[in-house]
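**Student:** So that we are looking at the same thing, I have put the structure below in structure tokens.
The values are calculated or read from the model by the stated rules, or taken from the named source; none is laboratory data. No experiment lies behind these values; they were computed from the predicted model shown. Cβ placement follows ideal geometry from the backbone for every residue including glycine, while neighbour counts extend to all protein chains displayed. When the accessible area is computed, the model is the full protein with side chains, heavy atoms only, and any ligands, DNA or RNA have been set aside. Shrake-Rupley method; radii C 1.70, N 1.55, O 1.52, S 1.80 Å.
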Amino acid sequence: MSHTRFPDPDPASVEDALRLRSALIESGLASSDGFAGCTDEEIAAIQSVSPIPLPSDYVAFLQLMGHRADGLFQGRGVFYPEPLDTYVDVRDLVEKDGENISMDGRFFFGHHQGYVFFFFEKEDPAVYSYTERHADDLRRLSDSFLAWGWAHYEQALEVRARGRLMFEERQQKREAMGLPREDRGTDQ
């Protein structure tokens, strides 16, 4: 595989990726060692399979947390090497299964459970999705990759808050029945 140089991220994209990483740590959704970025060679490999230049904020994400970002993108296959595999998987859907989705000017970089695929379009940093067998129902998920990351961060905070509320309600019911409180553990 030839490695193509990827575009350097702009300073605003790097700053936004750093803020997202800091927010994950400060919120307790991730620890400071819960992140691993991609090497320049890995990002170049992603660029080499992409028919379009990688968006700036996506490159910033890859550099800081392209392998792992604990607490972010739960259930989504977006971490390296998924961008390499997803593009091939979608191409196979088109070529072998006759799926009616255009790959022209698009880079499919991730998926959810192997049937919802995420992509960028040429000269557009927005994140889009396509669901297998529903090529006529493309959705714009976010204006940019990091905006999508921030939305996932907010969703993770909401899920955690709902979980804490449910736990506390259960404890109140236990106490009303004369049962001891459950030990919640240190990670909740």
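**Student:** Would you kindly state the longest site-free stretch of the chain, with sites defined as GluC sites (Glu not before Pro) in a DSSP loop (not H, G, I, E, B) surrounded by at most 15 other Cβ atoms within 10 Å?
**Tutor:** Here the longest run is 1-122.
**Student:** On a full-extension model of 0.36 nm per residue, what is the gain between Val88 and Lys122, subtracting their alpha-carbon distance, rounded to one decimal in nm?
**Tutor:** Once the chain is fully extended between Val88 and Lys122, it gains 10.4 nm.
**Student:** Grab the other residues whose beta carbon is less than 13 angstrom from that of Cys38, score K and R as +1, D and E as -1, and report the net.
**Tutor:** -3
**Student:** Per residue, how large is the accessible surface of the range 1-148? Use a 1.4 angstrom probe and give square angstrom.
**Tutor:** For the range 1-148, the per-residue accessible area is 47 Å².
**Student:** While we're on this one: Can you check what the net charge comes to around Trp150, using other residues whose Cβ is under 10 Å from the Cβ of Trp150 (Lys, Arg +1; Asp, Glu -1)?
**Tutor:** -1
**Student:** Obtain the nm distance between the two label points defined at Asp97 and Arg76 by a simple spin-label model: each point lies 7 Å from its Cα along the Cα-to-C-beta direction.
**Tutor:** It is 2.1 nm.
**Student:** Could I ask something else about it? Just Met166, Met177, Met65 to compare: in a GNM of the chain, with alpha carbon springs under 10 Å, which one fluctuates most?
**Tutor:** Between Met166, Met177, Met65, it is Met177 that shows the largest mean-square fluctuation.
**Student:** Can you pull the percent of the range 1-109's accessible area that's carbon plus sulfur, 1.4 Å probe, other chains left in place?
**Tutor:** After summing per-atom areas, the C and S share lands at 46 percent.
**Student:** So how strong a dipole does the range 89-132 carry about its Cα centre when Lys and Arg Cβ are +1 and Asp and Glu Cβ are -1, to the nearest 20 debye?
**Tutor:** In debye, rounded to 20, the range 89-132 gives about 80.
**Student:** In the set [x] 107, 32, 28; [y] 56, 43, 32; [z] 65, 38, 26, which value of Cα extents along the principal axes in Å was calculated from the structure you see?
**Tutor:** Derived directly from the coordinates: [z].
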